[in-house]
Amino acid sequence: MRRLSLYALSLLLAAACSAHKTPLIGISCSRGAGGATQLATTYTEAVQRAGGIAVVLPTLQDAAQAEAVLGKLDGLILSGGEDVQPGWYGEEVWNETVYVDSLRDRSDSLLARAALASGKPVLAICRGSQLMNVLLGGSLYQDLPSQFGTAVAHGGGVAHRIGLEPGSVLASLYGTDSLTVNSFHHQAVKDPAPGINITARSADGLPEAFETGRVWAVQFHPEKMLQQGDSSWISLFGAFVRRCGS
Ligand code: MN
């Protein structure tokens, strides 16, 4: 009987250890109509396909809660969505195209700061990359069409090329110096935060990816390209999931 118990215990321990190897990755959300927690399935499916466990995070407003949530996670994805409030980088709202949800800003910033403090890996996508740049001390173009003259269409999902810095995560993963990406943004990094490394730019010079510490940030939507059938983007999510598990 005693032997059986020890055997059962060892099985439980083995199960617990192997379960721990599958990284738990939290994904920040928007607040939709009627108070819904809102997130495109592209994000959760990308994490799942890459071998991680995806957890949809509700908005929260308490720093201690954000730290407690990060304590349970192995990594964080800051998802796309609304514009970051311009006051956070010392500017007034530029025009009517700027759309802010201050409660989401607070929630995402608490999660991001908790992730930075804990040293857990972050994948910051679109708005997430803009938010991370602002939190680290950078600024944004609030509205590219009216503030930044460019021949590259960044809104509406039209694909464009990006040039990659040698040695960057993207260049290393894909073994190339340029990629085609989608583009759904009317804002972009203006002044990069101190210490961040811009690792990709579109032909007009706008930052399209950066790295700093354990943060990977992309201005485009790899999760959407993956769901739309470009399976090459599993490499990026696979690398992120492995990073969260190590
Ligand atoms: Mn773009």
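What follows draws every value from the coordinates through simple rules; no lab data is involved. The structure displayed is predicted, hence computed values, not measured ones. Every residue, glycine as well, gets a Cβ built from its backbone with ideal geometry; the counts of neighbours run over all protein chains shown.
With a ≥ b ≥ c taken as the square roots of the eigenvalues of the C-alpha gyration tensor of region 40-173, please select rounded if a/c is under 1.5 and otherwise prolate if a/b is larger than b/c or oblate if it is not?
oblate
Let me know the whole percent of all Cα-Cα pairs from region 27-74 that are separated by more than 13 Å.
Above the 13 Å cut-off, region 27-74 has 61 percent of its Cα pairs.
The chain: D in µm²/s via Stokes-Einstein (Kirkwood Rh, Cα pairs, 25 °C, 0.890 mPa s)?
Roughly 131 µm²/s, to the nearest whole number.
Picking from Phe148, Gly229, Ile53, whose Cα lies most toward the positive end of the charge dipole for region 6-245 (charges on Cβ: Lys, Arg +1; Asp, Glu -1)?
Ranked along the dipole, the leading option is Ile53.
Order of 68-74, 103-109 by packing, highest average Cβ count within 10 Å first?
Numbers: 68-74: 17.0, 103-109: 20.6.
Put in order of decreasing packing, that is 103-109, 68-74.
What's the percent breakdown of Cα-Cα distances in region 138-245 across 5 Å bins, shortest bin first?
The distribution over region 138-245 is 2, 12, 22, 25, 20, 13, 5, 1, 0, given as percents.
Sorted by packing (mean other beta-carbon atoms within 10 Å per residue), highest first, where do 200-209, 57-66 land?
Details: 200-209: 20.3, 57-66: 15.6.
Ranking, from highest mean packing down: 200-209, 57-66.
Which whole DSSP H helices in the chain pass both tests: a Cα extent of 20 Å or more along the axis and a mean Kyte-Doolittle value no lower than 0.0? Before the final figure, lay out each step's value.
Numbers: long enough: 2-20 (27 Å, 0.97); 102-118 (24 Å, -0.08).
The qualifying helices are 2-20.
If you build a Gaussian network model of the chain, linking Cα atoms that sit under 10 Å apart, which residue out of Gly156, Gly119, Gly34 swings the most?
Gly34
For region 6-245, with only Lys/Arg (+1) and Asp/Glu (-1) charged at the beta-carbon, what is the dipole magnitude about the Cα centre, in debye rounded to 20?
820 debye
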